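For reference, the structure is listed below as structure tokens.
The values are calculated or read from the model by the stated rules, or taken from the named source; none is laboratory data. Since this is a predicted model, take the numbers as computed values, not measurements. All Cβ positions, even for glycine, are placed from backbone atoms using ideal geometry, and neighbour counts span all protein chains on display. With ligands, DNA and RNA removed, areas are computed over all heavy atoms of the protein, side chains included. Shrake-Rupley method; radii C 1.70, N 1.55, O 1.52, S 1.80 Å.
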Amino acid sequence: METWCEALARVVPGFRWRNAEAGETGNVDSHTGFHRGPMVIGKIARDTSYVPRWEFEAAAQEWVEWIGR
């Protein structure tokens with residue numbers, strides 16, 4: 001999540017983020033209905049033939065353009 005937020009901060013002027021403090025409720029909803037661990041692209045790439053199409057910053061820029069921001 002941090003890497004994604006850092007990429008968004010570089011492509012969206014004024015975008016700010018921070019991790020919730022201990023005991024503070026976060027405000028990001030995964031919309032899955034359950035807690036899941038982080039996805040680690042390096043492990044997926046090592047264990048399969050998967051290669052990401054974009055680096056995070058390029059993906060963030062593409063996503064911002066797609067949502068029309």
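Points to keep in mind about this one:
- Residues of the range 44-69 satisfying the condition of being open to solvent by less than 70 Å² (accessible area, probe 1.4 Å) and not in a helix (DSSP H, G or I): PRO52, GLY68
- Residue list for the range 31-43, restricted to those being open to solvent by 100 Å² or more (accessible area, probe 1.4 Å) and either at pLDDT below 70 or among the aromatic types (Phe, Trp, Tyr) (or both): HIS31, PHE34, HIS35, ARG36, PRO38, MET39
- In this entry, GLU2 is excluded by the filter for residues that are out of contact with any Leu (no Cβ under 6 Å at 6 or more places or on another chain) and modelled with pLDDT of 90 or more.
- Residue match in the range 22-30 (condition: of a type outside the set (Ser, Thr, Tyr), at pLDDT below 90 and open to solvent by less than 90 Å² (accessible area, probe 1.4 Å)): yes
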